[in-house]
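Worksheet: one structure, shown below.
The values are calculated or read from the model by the stated rules, or taken from the named source; none is laboratory data. In this text the structure is predicted, and so the values were computed from the model without any measurement. All Cβ positions, even for glycine, are placed from backbone atoms using ideal geometry, and neighbour counts span all protein chains on display.
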């Protein structure tokens with residue numbers, strides 16, 4: 001989604017000006033679209049988790065300041081909000097506009113240095129599941145396009161031919177607009193929601209390790225289940241800790257709290273189940289995943305069920321869509337592998353972001369809009385036992 005349009009105009013454009021300016025527009029759309037996607041409630045938790053794991057940030061005091069009251073309250077603090085929307089959102093919205101339209105070389109240089117610093121910071125944090133080479137590519141591309149071919153030297157948007165200008169605008173805007181209005185139709189990648197915290201996501205719950213082992217027994221895969229790979233290296237106890245770190249990381253974000261809330265209702269007791277991050281499951285199932293929940297939706301689950309023959313209640317998946325930009329809620333569905341989709345509904349994003357990651361008050365509020373005829377959720381979530389409170393100074 002980052003390269004194809006630019007490759008096309010480099011191959012097909014009739015002039016160097018059209019080629020260069022079209023590439024500028026595509027690059028602008030990537031930055032600006034990413035900035036727009038970070039305007040909601042999802043991004044501050046992303047920054048808090050990302051900065052907490054940044055290797056060169058060694059100050060314990062600063063890392064704890066990213067949360068409202070560490071370790072009692074792990075919701076993002078005002079510090080995280082300022083980093084997210086001051087150093088993040090505003091930079092991605094303002095500086096690309098300057099780069100695209102400025103004819104003042106010093107203003108362009110200042111904006112360019114700002115964007116280079118922005119990408120260097122992202123690379124330095126080693127964020128989870130980010131293709132860092134994209135940031136390196138954008139650093140070189142920005143210098144080439146906006147400094148070596150400045151708008152004031154005949155490479156402005158107004159210097160393009162009309163046909164290529166229309167093509168560039170339509171190509172750059174179509175998927176971000178459609179994907180943010182209808183995230184069920186477009187992946188978060190061409191929608192320009194990379195690392196915005198607003199992704200289609202899922203959590204798989206197997207009724208015991210025997211149920212999880214069916215994936216190894218009945219499927220031809222590129223590798224064993226991830227927990228088995230880790231067990232071979234570290235032993236079963238440490239392997240399980242690594243697996244649950246992924247679940248804990250997900251609950252630091254809005255959708256993770258919704259996913260676990262749904263499993264609290266659709267399992268008789270979470271303690272009877274092995275909880276797995278769906279992206280890790282997807283990796284071993286199809287050999288590839290890029291953080292897009294659409295790769296492991298009910299279609300993939302149905303294919304798994306045809307081979308593994310799970311009994312009802314043996315594999316339960318909670319699945320959430322991304323939040324549309326014009327709505328304050330997210331659509332979800334719950335899937336029993338043996339039955340199919342058993343429930344659909346919505347939850348308000350604020351209800352997820354305002355709850356603590358370990359859900360001390362039980363499941364977050366959600367509204368059921370459809371239930372499969374004859375299906376009854378096995379629990380109301382009351383069987384949930386609140387984890388022991390973290391100790392201060394731990």
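When you check residue 340 against the structure, is it out of contact with any helix residue (DSSP H, G or I) (no Cβ under 6 Å at 6 or more places or on another chain), at positive phi and touching a residue at least 60 places away in the same chain (Cβ under 8 Å), yes or no? So residue 340 fails the test.
Filtering region 177-200 to residues that are free of Cβ contacts under 8 Å to residues at least 24 places away in the same chain and either surrounded by fewer than 20 Cβ atoms within 10 Å (Cβ to Cβ) or assigned to a loop (DSSP other than H, G, I, E, B) (or both) leaves 177, 178, 185, 186.
Taking region 329-357 as the range and being within 20 Å of the chain's Cα centre (by Cα) and not in a strand (DSSP E or B) as the test, the residues that pass are 349, 350, 351, 352, 353, 354, 355, 356, 357.
Could you check region 263-300 and list, in sequence order, the residues that are under 23 Å from residue 187 (Cα atoms), in a helix (DSSP H, G or I) and out of contact with any helix residue (DSSP H, G or I) (no Cβ under 8 Å at 6 or more places or on another chain)? Answer for region 263-300, where residues must be under 23 Å from residue 187 (Cα atoms), in a helix (DSSP H, G or I) and out of contact with any helix residue (DSSP H, G or I) (no Cβ under 8 Å at 6 or more places or on another chain): 294, 298, 299. Residues in region 230-243 that are loosely packed, with under 14 Cβ neighbours inside 10 Å and assigned to a helix (DSSP H, G or I): 232, 233, 234, 236, 237, 238, 241.
Residue 95: within 26 Å of residue 81 (Cβ to Cβ), at pLDDT below 95 and either assigned by TED's automatic domain parsing to the domain that holds residue 13 or crowded, with 18+ Cβ neighbours inside 10 Å (or both), yes or no? No, not satisfied.
Just give me the residues in region 50-85 being under 23 Å from residue 329 (Cα atoms) and out of contact with any strand residue (DSSP E or B) (no Cβ under 9 Å at 6 or more places or on another chain), in sequence order. Matches in region 50-85: 81, 85. When you look at residue 322, is it assigned to a strand (DSSP E or B) and either under 22 Å from residue 244 (Cβ atoms) or in contact (Cβ under 8 Å) with a residue 60 or more places away in the chain (or both), yes or no? So residue 322 does not fit the description; no.
Just to be sure I understand, how many residues within region 276-293 are surrounded by fewer than 19 Cβ atoms within 10 Å (Cβ to Cβ) and either closer than 16 Å to residue 321 by Cα or modelled with pLDDT of 95 or more (or both)? Total satisfying the criteria: 3.
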